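Working notes, beginning with the structure itself.
The values are calculated or read from the model by the stated rules, or taken from the named source; none is laboratory data. Quick caveat, the model's predicted, so the values are computed rather than measured. Cβ placement follows ideal geometry from the backbone for every residue including glycine, while neighbour counts extend to all protein chains displayed.
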Amino acid sequence: MKTATLAAGALLATSALAAPGTAARWANHAARRAARRSGFRLPAEEDGVVATVNGTAKNVEYSSNWAGAVLSSSGFTSVVGTITVPTPKSSGRSASASAWVGIDGDTCGTAILQTGLDFSVTSSGAVSYDAWYEWYPDYAYDFSGFPVSAGDQVKITVTASSKSAGVATLQNLSTGKSVSHSFSNEKNQLCEYDAEWIVEDYESGGALVTFANFDSVTFTGASAVKSGSTVGVSGASILDIKQGSSVLTDCTTSGSSTVTCDYV
């Protein structure tokens with residue numbers, strides 16, 4: 001059960017600073033800069049229930065904004081996973097979602113070290129991507145010089161060198177491009193309680209954005225470093241996004257290193 005502290009943390013505003021780009025991307029960045037919010041998992045509507053999604057029964061926790069897999073224990077210092085960049089689909093209105101890996105934010109209420117990709121589609125079907133890094137609750141910032149296209153393989157990594165320092169790295173395995181950002185002396189310290197592979201419905205203008213139909217996002221090679229040893233996703237808690245009475249995702253793990261979230 002999540003505490004009121006996490007609910008308050010979820011309402012802290014973050015924004016993304018603009019990276020160079022076309023006029024359309026500038027407009028997109030301006031909107032995100034003014035209103036985008038991300039952060040802690042919102043309190044669950046139901047935890048530990050057996051749900052049937054697409055005819056398959058599974059143990060699941062529901063969240064309004066996070067879908068994916070979370071390992072919760074102690075001593076997590078690195079998380080990695082590789083995704084194939086999806087093509088979000090238009091339903092006649094603008095929609096967005098994010099895919100990221102991170103440390104903390106589920107059972108830790110002080111900070112998150114995270115990095116990943118936003119994928120957005122306008123009402124006319126125009127698709128755009130933003131690569132970003134963040135030490136929440138500080139601002140999220142866009143990486144520049146990191147082009148991404150649908151179908152690219154992007155490796156996403158966060159590593160904490162201490163509870164107040166670390167590195168966020170994105171590698172486009174399809175183009176050979178990579179970017180990273182180092183954090184140091186962060187006043188909001190990590191707990192190192194959680195390792196996460198997440199598809200998120202983030203907040204803008206005081207409400208969750210329309211969640212994009214991303215078809216499917218799979219984190220392959222998903223692993224974490226816990227107390228100096230590499231662990232897989234076996235035993236992770238499964239999260240699905242549920243808004244009102246509608247379940248919007250179907251997330252599963254397979255083997256020890258794969259997390260898949262399908263849009264329902």
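Restricting the search to segment 232-248, which residues are in contact with a Leu (Cβ under 8 Å, 6 or more places away or on another chain) and within 16 Å of residue 202 (Cα to Cα)?
The answer is 240, 241, 242, 243.
State whether one or more residues within segment 173-195 are within 16 Å of residue 85 (Cβ to Cβ) and in contact (Cβ under 8 Å) with a residue 60 or more places away in the chain.
The answer is yes, given that some residue of segment 173-195 is within 16 Å of residue 85 (Cβ to Cβ) and in contact (Cβ under 8 Å) with a residue 60 or more places away in the chain.
Checking the conditions here, which among 230, 157, 258 is modelled with pLDDT of 95 or more, crowded, with 17+ Cβ neighbours inside 10 Å and farther than 13 Å from residue 99 by Cα?
258 is the lone residue from the list that is modelled with pLDDT of 95 or more, crowded, with 17+ Cβ neighbours inside 10 Å and farther than 13 Å from residue 99 by Cα.
Just give me the residues in segment 151-170 being out of contact with any strand residue (DSSP E or B) (no Cβ under 7 Å at 6 or more places or on another chain) and not basic (Lys, Arg), in sequence order.
Within segment 151-170, 161, 162, 164 qualify.
For the list (1) under 28 Å from residue 128 (Cβ atoms); (2) at pLDDT 95 or above; (3) surrounded by fewer than 20 Cβ atoms within 10 Å (Cβ to Cβ), I need the number of the one condition that residue 69 fails.
The single condition residue 69 does not satisfy is (3).
How many of the residues in segment 224-256 are of a type in the set (S, T, N, Q), in contact with a Ser or Thr (Cβ under 9 Å, 6 or more places away or on another chain) and outside any strand (DSSP E or B)?
Residues in segment 224-256 being of a type in the set (S, T, N, Q), in contact with a Ser or Thr (Cβ under 9 Å, 6 or more places away or on another chain) and outside any strand (DSSP E or B): 3 in total.
Testing residue 173 on (1) touching a strand residue (DSSP E or B) at 6+ places or on another chain (Cβ under 7 Å); (2) more than 23 Å from residue 233 (Cα to Cα); (3) surrounded by fewer than 17 Cβ atoms within 10 Å (Cβ to Cβ), one condition comes back false. Which one is that?
Against the list (1) touching a strand residue (DSSP E or B) at 6+ places or on another chain (Cβ under 7 Å); (2) more than 23 Å from residue 233 (Cα to Cα); (3) surrounded by fewer than 17 Cβ atoms within 10 Å (Cβ to Cβ), residue 173 comes up short only on (2).
Given the criterion in a loop (DSSP other than H, G, I, E, B), closer than 22 Å to residue 229 by Cβ and modelled with pLDDT of 95 or more, identify the matching residue among 74, 78.
74 is the lone residue from the list that is in a loop (DSSP other than H, G, I, E, B), closer than 22 Å to residue 229 by Cβ and modelled with pLDDT of 95 or more.
Filter segment 126-149 down to the residues that are farther than 14 Å from residue 98 by Cα and of a type in the set (A, V, I, L, M, F, W, C), then identify the one that is surrounded by the most Cβ atoms within 10 Å (Cβ to Cβ).
135
Mind checking which strands (runs of 3 or more DSSP E) fall wholly inside segment 82-200 and carry at least 3 residues that are more than 21 Å from residue 240 (Cβ to Cβ)?
Ranges flagged: 112-121, 127-136, 140-142, 153-162, 165-172, 178-183.
Taking segment 119-141 as the region of interest, how many residues are in contact with a Lys or Arg (Cβ under 8 Å, 6 or more places away or on another chain), over 16 Å from residue 166 (Cβ atoms) and in contact (Cβ under 8 Å) with a residue 60 or more places away in the chain?
Qualifying residue count for the region: 3.
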